[in-house]
Amino acid sequence: MTEFWESSFRDKQTMWGFEPADSAIETASLFQHHGLKKVLIPGFGYGRNAKIFIDSGCDVTGIEISETAIDLARKYYGDNIKVFHGSVSVMPFDKESYDGIFCYALIHLLDEKERAKLISDCYNQLRPGGYMVFVTISTSDNAYGNGERLSKDRFLTRHGVNLFFYNQESITSEFGEYGLLETKEIEEPAKNVESRPAQKFWQIVCKK
């Protein structure tokens, strides 16, 4: 996966533009409402979703597998951003506790064991009373069923990416033990490409 994302960021650079996803804006507002200041973002990318948290006064730490993406983030947002270089599969990277965790479009790239570890690792780094929000692709999305079927609801896409598509049942199964508070299906528009259809995601909110 490291090689795939390094290649993607080298070739496509800031491929999603700079506007944060709608779910990032909503989550930043949720965190602000509850006074959550110390935020961890696994799957930091080049920081487009992190900026809304930074701008709202949060102290943000990221985790990112691609060194190129981290370099891009520093180019556009300054050298003082805090990002651990590495895969979320080797979390934790520090011994800190975080008020809030935002994980966007990452968990669906992992297999079952990796997903379970990521959820557990994030929950373990969440302080009591803290919130974690995961945004992940839905079985309602048009991409569901495309490509080679690897296992139930998991497919190898034509781009060489393994995708696990969530439904309410799998969300409850995987997040139920971790303070699952709210789930809702959302549409995320591709803000950088007008002609691209919105993707259907789940927004999953847990509280410790």
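The values are calculated or read from the model by the stated rules, or taken from the named source; none is laboratory data. From a predicted model like this one, the values you see are computed outputs, not experimental measurements. Quick reminder, even Gly has a Cβ in these numbers, built from the backbone with ideal geometry, and neighbours come from all protein chains shown. Side chains are part of the model used for accessible areas, which takes the heavy atoms of the whole protein and leaves out ligands, DNA and RNA. Shrake-Rupley method; radii C 1.70, N 1.55, O 1.52, S 1.80 Å.
Yes/no per residue for (1) open to solvent by less than 50 Å² (accessible area, probe 1.4 Å); (2) in contact with a Lys or Arg (Cβ under 7 Å, 6 or more places away or on another chain); (3) assigned to a loop (DSSP other than H, G, I, E, B):
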| position | (1), (2), (3) |
| --- | --- |
| Gly130 | yes, yes, no |
| Val133 | yes, no, no |
| Arg149 | no, no, no |
| Glu169 | no, no, no |
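Would you please list the contacts, defined by Cβ atoms under 7 Å and residues six or more apart or on different chains, that run from a residue in segment 32-57 that is touching a residue at least 24 places away in the same chain (Cβ under 8 Å) and more than 16 Å from Glu19 (Cβ to Cβ) to a residue that is basic (Lys, Arg) and not in a strand (DSSP E or B)? That search, which allows pairs on different chains as well, returns Gly57/Lys37.
Being open to solvent by less than 10 Å² (accessible area, probe 1.4 Å), modelled with pLDDT under 95 and either in a loop (DSSP other than H, G, I, E, B) or touching an Asp or Glu at 6+ places or on another chain (Cβ under 7 Å) (or both) is true of Gly47. Residue-level check: of (1) buried (at least 22 other Cβ atoms within 10 Å of the Cβ); (2) over 20 Å from His33 (Cα atoms), Ile101 misses just (2).
Listed by first and then second residue, the pairs with beta-carbon distance under 6 Å, at least 6 apart or on different chains, first residue in segment 86-100 and more than 15 Å from Tyr131 (Cα to Cα), second at pLDDT 95 or above and among the polar types (S, T, N, Q), are Pro92/Gln125.
Can you find a residue in segment 172-187 that is in contact (Cβ under 8 Å) with a residue 40 or more places away in the chain, part of a loop (DSSP other than H, G, I, E, B) and touching a strand residue (DSSP E or B) at 6+ places or on another chain (Cβ under 6 Å)? For segment 172-187, residues in contact (Cβ under 8 Å) with a residue 40 or more places away in the chain, part of a loop (DSSP other than H, G, I, E, B) and touching a strand residue (DSSP E or B) at 6+ places or on another chain (Cβ under 6 Å): present.
Would you check if there is a residue in segment 127-146 being without any contact (Cβ under 8 Å) to a residue 40 or more places away in the chain and basic (Lys, Arg)? Within segment 127-146 (the criterion being without any contact (Cβ under 8 Å) to a residue 40 or more places away in the chain and basic (Lys, Arg)), the answer is no, since none of the residues qualifies. Condition check for Lys95 on (1) at pLDDT below 95; (2) open to solvent by 70 Å² or more (accessible area, probe 1.4 Å): one failure, at (1). Scanning segment 25-41 for residues that are hydroxyl-bearing (Ser, Thr, Tyr) and surrounded by fewer than 24 Cβ atoms within 10 Å (Cβ to Cβ) turns up just one, Ser29.
Among the residues of segment 78-91, none qualifies, meaning not one is surrounded by 17 or more Cβ atoms within 10 Å (Cβ to Cβ), outside any loop (DSSP other than H, G, I, E, B) and of a type in the set (Ser, Thr, Tyr).
Mind counting the residues in segment 156-167 that are closer than 16 Å to Phe134 by Cα and open to solvent by 20 Å² or more (accessible area, probe 1.4 Å)?
Quick first cut of segment 156-167, residues closer than 16 Å to Phe134 by Cα only: 163-167.
With open to solvent by 20 Å² or more (accessible area, probe 1.4 Å) added as a condition, the list becomes 163, 167.
Looking only at that region, the number is 2.
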